[in-house]
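Reading through the structure tokens given below for one structure.
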Amino acid sequence: MKLLRFGLPGSEKPGLQLEDGSRIDASGFGMDWNHDFFADPSNLKRLGDWAGKNADSAPKISEGTRLGPAVARPGKLICIGLNFSDHAAEAGMDIPKEPIVFFKATSAIVGPNDDVMIPRGSEKTDWEVELAFVVGKKASYVSREEALDYVAGYVLHNDYSERAYQLERGGQWVKGKSCDTFAPIGPFVATTDEIPDPENLKMWLKVNGETKQNGNSNKLIFGIAFLVSYLSEFMTLEPGDVVSTGTPPGVGMGSKPPQFMKPGDVVELGIEGLGSSTQTAVAWTR
Ligand code: ZN
């Protein structure tokens, strides 16, 4: 199934994207795609049954309706840094011996096609197409062998980054990762049955029509099962939490000369099986 959310910011409703690409309002199921929904894996099966009975009669979502973040505000948005060796090289950094883990403020999360706002005074706003996964069960000290049982689905994420805040202002990367609108998530969460091999998905990103990132999740240094197990050693992963697994090469920081975003730039990105999203850059306003 493909789970999405639609409507105005802050009052999104749950929906589903059907096989033919059409979208239906799933409010009738009675739950949003949030912690409580993912906490009980039987909800996914019940939702499948509901969709089987109601796909034809549920209200259609009209084209042009705003999509919200594909999951309701998660408890945690965790990111993995430098998880593609060729991206580490373009960033001028060593391949990490263990995963680099950082947080992104959940207040940065927006819908997949919402505008991205360049922070006040920012000169180094950059893009990062990423494969993210949604946690499906409370995970603490999970072994690698059982780790994938803890994943509910996969979703497209653009890990927008302000490089000066991230790398030139000291301390943790969180400063450059958390600005409002820096985490478009969606268009939909594809449940794991839809993505049999998450570590072999094409990933791409264009800026103003020009391809910047053209990668594949088969280049992940630390794979998804490893990451679930690894993270669960340091913190409890909770249902609905989102983990973003890192970006392939082709970010603005790595371009020669470096290229960063300006108002009016249009960023389009996608991952095989997970759809695509588009953000237009706008200048900061309060
Ligand atoms: Zn990233």
Relative contact order for segment 120-230: what percent, with Cα pairs under 8 Å and sequence separation of 6 or more? 28
How fast does segment 77-283 diffuse by Stokes-Einstein, in µm²/s, taking the Kirkwood radius from C-alpha pairs at 10 °C and 1.306 mPa s? 95
When you take every Cα atom in segment 2-54, what is the radius of gyration, and what is Dmax, the widest Cα pair distance, in Å? 10.9, 29
Which pairs, out of K177/K206; K137/K206; K2/K97, put more than 31 Å between their alpha-carbon atoms? K137/K206; K2/K97
Can you tally the net charge around N214? Count Lys and Arg as +1, Asp and Glu as -1, for every other residue whose Cβ sits under 15 Å from the Cβ of N214. -3
Reachable aspartates and glutamates from K104, Cα under 13 Å, same-chain residues fewer than 8 places away excluded? D159, E162, D180, D241
Please work out the Cα center distance from segment 128-207 to segment 215-246, rounded to the nearest Å. 8
If you bin every alpha carbon distance in segment 1-150 into 10 Å steps from zero, what whole percent lands in each bin? 9, 30, 32, 21, 7, 0
Per-residue ellipticity at 222 nm attributable to helices in the chain (runs of n ≥ 4 DSSP H, -39500 (n - 2.57) apiece, nearest 500 deg cm²/dmol) works out to -4000 deg cm²/dmol
What is the chain's relative contact order, in percent, from Cα pairs under 8 angstrom and six or more apart in sequence? 25
If I build a Gaussian network model for the chain, linking alpha-carbon pairs within less than 10 angstrom, which residue out of G246, G215, G264 has the largest mean-square fluctuation? G264
Between Q17, Q213, Q166, find the one with the highest GNM mean-square fluctuation for the chain; connect C-alpha pairs within less than 10 Å. Q166
Mind checking the full-extension length gain between E233 and E146? Use 0.36 nm per residue of separation minus the Cα-Cα distance, one decimal, nm. 29.9 nm
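No lab work stands behind these numbers, since they all come straight from the coordinates. Source: prediction; values computed, not measured. Note: ideal-geometry Cβ built from the backbone for every residue, glycine included; neighbour counts use all protein chains shown.
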